[in-house]
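Trainee: After the structure tokens below, expect a handful of questions from me.
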């Protein structure tokens, strides 16, 4: 009985770094841990170290707004995220850990004719790929979300919405902890507070990494470092088409649950959900200038609160509990960069910008497969770094222009 | 808190008055290969440190100018006008600007 109140460690505290690992993963966030987990689970590769410069899940994995969805605009993107949602649906069972995944539905509001056309296009692409997604008008929106202010007496009246029933929210910290525990149980070593300071190469291939806790020899290095990707790329001599921006979010104090769908407005750059604790979780757009400084800004709070109140005037007297930022790695076409680089043994997962969290399990499975077999899985073939040199971009701007 | 940016014309103003136009880039000389051209178009240094960059005073005097900013702290070290040659096209200290004529 006493046992139920005892806190158990989710993963083992490891001692010194070993002199050699088969695979070193840089970044202990959702992508890095998912890759380590699937390397061990699907391919039996367990001589793996996950190196994290701070605590596990301290970066984007612990700062996102936890939205999972698949209603992207390009067939490549939509197909990719469909696979990710399917993996998320079974992840609690797979990890034997409750991730509190709530597929409550996702409404992307349209405030103009042009937006309605874009939503219709997205619905068409989604339906062709078997993704549950359709255009709805205000009568149905009112049924799905009676709390939403659908009146004309606002700056941008709502004309319709893209409705995506499988979209949902998940407990993001639980995803990180569950993946870390799963990887640890299979023999992967997790090393927090271990910062990579250099990547050793010889004859165009990776031979090891230098860290603040010593040197490691390895054949494969996977960088899953989001906003810091450029700095890791520089260590490996791989230029990246990435710029680093901050993305911000805030939560209100807990309120009685009344919002049971996710509401997104690209026009107003805001996305709103109510967490299981009752907090309203509100996120917005990246700051336009590049920066590595993770300080929150007051204008963000001002405009996102103003926009939220247009949609939910009943939140008028809700108090803001806390505000935070995360670093985002924005790619030129808003699509990710995934897989091999010109340096043998140096793999990347970056360019996720504002929506990397929803891709974690599929990134893990595909990157693990790539490491194990040496072949790029078809699902991630469109997202190679090489596409920027050959100018074959995958523009996801329509679905990612508002970040969530 | 966001930061103040000193416009060479108007003095220190809130950064939200300005449009950010990216780090300065170096246009490839001669006849670039497609790879060099793609690299120029898409790839960025994305420095964590002092970065030379373009800004436009969108909600002010509509001036284009250069700034040196530390991206780790958002401290603006200096702002200045791009120097111009006789023809009026900008030739700043770093050779390339978005406006340099194609070779």
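Read-outs throughout are calculated quantities, based only on the coordinates presented, and are distinct from any laboratory measurement. Just so it is clear, the structure is predicted and the values come from calculations on it, not from any experiment. Reconstructed Cβ throughout: ideal geometry from the backbone, glycine too, with neighbour counts over all protein chains shown.
Trainee: Using alpha-carbon positions, what is the distance between the centroids of the range B:1-68 and the range A:216-259, in Å?
Mentor: Rounded to whole Å, the Cα centres lie 22 Å apart.
Trainee: Here's something else I'd like to know. Report, in degrees rounded to the nearest 10, the 0 to 90 angle that the Cα long axis of helix A:298-311 makes with the longest principal axis of chain A.
Mentor: Tilt relative to chain A: about 50 degrees.
Trainee: For chain A, find the longest principal axis of its Cα atoms and tell me its angle to the long axis of helix A:360-373, 0 to 90°, nearest 10.
Mentor: Taking the Cα atoms of chain A, the angle to A:360-373 is about 30 degrees.
Trainee: For chain A, with a Gaussian network of springs between Cα atoms less than 10 Å apart, report the residue from A:59, A:27, A:278 with the top mean-square fluctuation.
Mentor: Maximum among the listed residues: A:278.
Trainee: Let me ask something else about it. Using just the alpha carbons, could you tell me how many Å³ per residue the convex hull of the range B:4-80 encloses? Write out the running numbers ahead of the final one.
Mentor: Details: hull volume 7.7 nm³, N = 77.
So the per-residue Cα hull volume is 100 Å³.
Trainee: Please compute, for peptide A:291-297, the average count of beta-carbon atoms on other protein chains lying within 10 Å of each residue's beta-carbon. The partial results should precede the final answer.
Mentor: Details: counts 11, 9, 8, 0, 5, 2, 5.
Average per residue, whole number: 6.
Trainee: Which order do peptides A:241-249, A:263-271, A:210-218 fall in by mean Cβ count within 10 Å, highest first?
Mentor: Values: A:241-249: 24.9, A:263-271: 22.9, A:210-218: 15.9.
Packing proxy ranking, top to bottom: A:241-249, A:263-271, A:210-218.
Trainee: Quantify how strongly other chains surround peptide B:37-45 by giving the mean number of their Cβ atoms within 10 Å of each of its Cβ atoms. Could you put the intermediate results ahead of the total?
Mentor: Values: counts 2, 7, 4, 0, 4, 12, 9, 10, 6.
Taking the mean over all residues of the peptide, I get 6.
Trainee: Please give the helix A:30-43 orientation as an angle from the longest Cα principal axis of chain A, in degrees from 0 to 90, rounded to the nearest 10.
Mentor: Once rounded, the angle reads 60 degrees.
Trainee: Give me B:55, A:11 sorted ascending by neighbouring Cβ count inside 10 Å, so fewest comes first. Can you show the working numbers first?
Mentor: Numbers: B:55 24, A:11 21.
So the residues, fewest neighbours to most, are A:11, B:55.
Trainee: Just counting partner chain Cβ atoms within 10 Å, what average do the residues of peptide A:10-16 show around their Cβ? Numbers along the way, then the final one.
Mentor: Working: counts 0, 0, 0, 0, 0, 0, 0.
Mean number of neighbouring Cβ atoms from other chains: 0.
Trainee: Rounded, prolate or oblate: which fits chain A, taking a ≥ b ≥ c as square roots of the Cα gyration tensor eigenvalues, rounded meaning a/c under 1.5, else prolate when a/b beats b/c? Walk me through the intermediate numbers first.
Mentor: Values: a/c = 1.84, a/b = 1.53, b/c = 1.20.
It is prolate, given that a/c is not under 1.5 and a/b is the larger ratio.
Trainee: Let me ask you something else. Output the antiparallel fraction of DSSP beta bridges having both residues in the protein assembly as shown, as a percent to the nearest 5. Walk me through the numbers on the way to the answer.
Mentor: Details: 67 of 87 bridges.
Percent antiparallel among DSSP bridges in the protein assembly as shown is about 75.
Trainee: For the range A:213-307, take every pair of Cα atoms, bin their distances at 5 Å starting from 0, and report each bin as a whole percent.
Mentor: The calculated distribution, bin by bin, is 3, 11, 16, 16, 14, 12, 10, 9, 7, 4, 1.
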